[in-house]
Amino acid sequence: MRSDARRMIEGRSALNSKFGDSTCDSLWPFLEGVKSKNDAAREALLKHSQQRLARMTKKMLRKYPGVLRWEDVGDVLQNVLIRLDRSLREVEPPTPADFLALASAHIRWELIDLSRRHNGPTGVNALYLTPATDERGSRRQVDPAAPDEDPLGLEIWSELHARIEAMPDGARQLFDALFYRGLPQPEAALVLGIPLRTLRRRWKAAREKLMREFGQGMDLQGFN
């Protein structure tokens, strides 16, 4: 994951600096300390950001019903902070937006690892798993807008997140901003440094491509 984090940071040089100026001013001094390889600054950055990261973790955890059954926000966040601390020793996010994108990636990677552990053939969810097909053999509908109300078909959720993670950078950044982080489209466009019209066009294409590839009969709602 360390090389992935470096690649992601290097690939986000087009981020619009207004995002950092308008919402994350307080992060700038800490990021300057991280650039100087100051251990105390890195620890201070994580401490200062902990509440924000907890909110992000809580929101993203709801997208993983198979993990939400067994893990709470605090435990997931603790592992994310360990991952992020290691990553910040290797990469230097140039802006607050880059730091939050890096944090979001580590939350997603931690949740994917937990999902594989819980949803695998020897995982705890195997004891309670309801088949992903109904009595007619059709794949069940998955509603990402309310995953905590749909504990069925957990293996479908694991496959969904794995497919999103394997997407090209541009499409994955759209899902990260809009689906996982839940940013409004105008703010996501600002963060990604693209016009709103372009974001809407690319988001529509990315959603449709995922639905086509994910399997016949799969109706993925909530990707708006």
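Filter the range 1-50 down to the residues that are hydroxyl-bearing (Ser, Thr, Tyr), assigned to a helix (DSSP H, G or I) and at pLDDT below 85 and list them by number. Before you say what the answer is, go through the steps one by one.
Kept after step one, since they are hydroxyl-bearing (Ser, Thr, Tyr), are these residues of the range 1-50: 3, 13, 17, 22-23, 26, 36, 49.
Then keep just the ones that are assigned to a helix (DSSP H, G or I); that gives 3, 17, 22-23, 26, 49.
The answer is SER3, SER17, SER22, THR23.
What about MET218, is it modelled with pLDDT under 85, farther than 22 Å from ALA97 by Cβ and crowded, with 18+ Cβ neighbours inside 10 Å? First the steps, then the outcome.
Numbers: modelled with pLDDT under 85: yes; farther than 22 Å from ALA97 by Cβ: yes; crowded, with 18+ Cβ neighbours inside 10 Å: yes.
When the stated conditions are applied, MET218 passes them.
Within the range 51-76, count every residue that is outside any helix (DSSP H, G or I) and free of Cβ contacts under 8 Å to residues at least 40 places away in the same chain.
Narrowing the range 51-76 to residues outside any helix (DSSP H, G or I): 62-64, 69-72.
Now narrow it down to the ones that are free of Cβ contacts under 8 Å to residues at least 40 places away in the same chain: 72.
So the count comes out to 1.
What's the total number of residues in the range 25-47 that are surrounded by 15 or more Cβ atoms within 10 Å (Cβ to Cβ) and either among the basic types (Lys, Arg) or touching a Ser or Thr at 6+ places or on another chain (Cβ under 9 Å) (or both)?
Number satisfying all stated conditions: 4.
Anything in the range 54-77 that is in contact with a helix residue (DSSP H, G or I) (Cβ under 6 Å, 6 or more places away or on another chain) and over 23 Å from LEU160 (Cα atoms)? List them, or say none.
Result: ALA54, single match.
So that you can scan it fast, the table gives a plain yes or no per residue for (1) more than 16 Å from ALA41 (Cα to Cα); (2) of a type outside the set (A, V, I, L, M); (3) without any contact (Cβ under 8 Å) to a residue 60 or more places away in the chain; (4) part of a helix (DSSP H, G or I):
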position	(1), (2), (3), (4)
GLN78	yes, yes, yes, yes
LEU81	no, no, yes, yes
VAL91	no, no, no, no
ALA97	yes, no, no, yes
LEU100	yes, no, no, yes
ALA105	yes, no, no, yes
ARG108	yes, yes, no, yes
ARG117	yes, yes, yes, yes
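ALA146 passes all but one of (1) at pLDDT 70 or above; (2) under 21 Å from THR57 (Cβ atoms); which number fails?
(1)
The values are calculated or read from the model by the stated rules, or taken from the named source; none is laboratory data. The structure displayed is predicted, hence computed values, not measured ones. Reconstructed Cβ throughout: ideal geometry from the backbone, glycine too, with neighbour counts over all protein chains shown.
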